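The values are calculated or read from the model by the stated rules, or taken from the named source; none is laboratory data. For clarity, every value in this text was computed on a predicted model and none was experimentally measured. Backbone-built Cβ (ideal geometry, glycine too); neighbour counts: all protein chains shown.
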Amino acid sequence: MPTTVARGSDIWVTPGKPRAPGDVAPGMDVVVVGAGQAGLSAAYFLDRVNLEHVVLDADEGPGGAWRHRWPTLRMATVHGIHDLPGMPFDPPDPAAPANEVLPAYFADFERRNGLHVRRPVHVHAVRDDHGTLKVETDHGTWHTKALVNATGTWTRPFWPRYPGQELFRGRQLHSSQYNGPEEFTGKHVVVVGGGTSAVQQILEIARFGTTTWVTRREPEFRDEPFTPEVGRAAVKLVEDRVRAGLPPRSVVSVTGLSLTPPVLDALRDGTLARRPVFERITEDGVVWPDGRTERADVILWATGFRAAVDHLAPLGLRGPGGGIRLDGTRVVADPRIHLVGYGPSASTIGATRAGRAAAKEIRDLLTRELVA
């Protein structure tokens, strides 16, 4: 006899046996897709408004994107970590690896709050099914009244295209594939991108090899502290874009780069001497419009990410501007869908607020439907 355990718990066909592909789960109030900071925050608040829900996560364990950060990234260089709801984040050892500290914090949050995340479950598509939402996964299908999408961006690294890219005989990798600087010993690395990852990885690689930093726009450095007010102002700029139905920019792209002591030293000694982006790629390097060339053993694309929302494509949520128009976290085209960890809530400072807002709006929506 099938049994169903919900409100944050796993769903099983029979006790002790996970649901097999092709099985269909009973209806839920809410399915949460993704268990990073935004997804866990949403699940926490859904529990408090008594909505039956399940959390599906594609990863093998807790931590969201943090579990995939490069091993040499230390807590001393991670900035802007915001508490998960109801659980302060105690300052760790600055030398501790971020990809260990933050997954452990997320795992502890799941345990303390009884959030039994179902993983690894990969969501392939979400479709409308006669007024309910059908969530198709590699571990069966869920039907739900509402959906909180918290899939973030980590699984969709952005690779720009340049003429001659396929001719390059060296190595090309995205910053999400970076695994530490030692492998670049004695090599010259052209780093493309103007974000925090580019800067942090250049500072590491420069101790073992040589680097050239190129960006499309002049980098903007910020010497004032990253206060909550600065964070909120940056979030507001990104929120304006998604309200207009435009593809979101990252919050980091509007905050600027922090002028930490290592960054100041690298600016002084020329390690962070920025050059404009090249025109094309050759077999052994890059070429600028004025004919200047630069030899390269490696091109490291620190060019950011795009929102991982392809599984929502069957719902037709994208508008003429190329993005998904939101009012808060609610998708304007379909109020059953809420996006957290998207646009303004893609930063840790926005994730908790987004989870709370989504839970409240979904409760209000389902209450109105019940009354009607």
**Asked** Can you name the number of the only condition in (1) on the phi > 0 side of the Ramachandran plot; (2) out of contact with any Leu (no Cβ under 9 Å at 6 or more places or on another chain); (3) of a type outside the set (Val, Ile, Thr) that Gly343 fails?
**Response** (2)
**Prompt:** Among Leu339, Leu326, which is buried (at least 24 other Cβ atoms within 10 Å of the Cβ), touching a residue at least 40 places away in the same chain (Cβ under 8 Å) and in contact with a Lys or Arg (Cβ under 7 Å, 6 or more places away or on another chain)?
**Reply:** Leu326
**Asked** Taking strands (runs of 3 or more DSSP E) that do not extend beyond the stretch 103-219, which have at least 3 residues that are touching a residue at least 40 places away in the same chain (Cβ under 8 Å) and more than 28 Å from Ala354 (Cα to Cα)?
**Response** 171-174, 188-192, 210-215
**Complete:** Residues in the stretch 121-161 that are within 30 Å of Phe89 (Cβ to Cβ), under 17 Å from the mean Cα position of the chain (by Cα) and not polar (S, T, N, Q) total 9
**Item:** Residue that is nearest to the chain's Cα centre (by Cα), among those in the stretch 170-205 that are of a type in the set (A, V, I, L, M) and farther than 14 Å from Ile299 by Cα
**Value:** Val199
**Message:** From the list Gly316, Gly350, Gly321, exactly one residue is in contact with a helix residue (DSSP H, G or I) (Cβ under 7 Å, 6 or more places away or on another chain), of a type outside the set (Ser, Thr, Tyr) and closer than 28 Å to Ala125 by Cβ. Which is it?
**Reply:** Gly350
**Ala359 in contact (Cβ under 8 Å) with a residue 60 or more places away in the chain, surrounded by 21 or more Cβ atoms within 10 Å (Cβ to Cβ) and closer than 19 Å to Arg48 by Cα** = yes
**Prompt:** Can you spot a residue in the stretch 295-312 that is farther than 30 Å from Arg171 by Cβ, in the same structural domain as Thr141 (by TED's automatic domain parsing) and charged (D, E, K, R)?
**Reply:** no
**Complete:** Conditions (1) closer than 30 Å to Arg207 by Cβ; (2) small (Gly, Ala, Ser); (3) in contact with a Pro (Cβ under 9 Å, 6 or more places away or on another chain) -> Gly270 fails only (3)
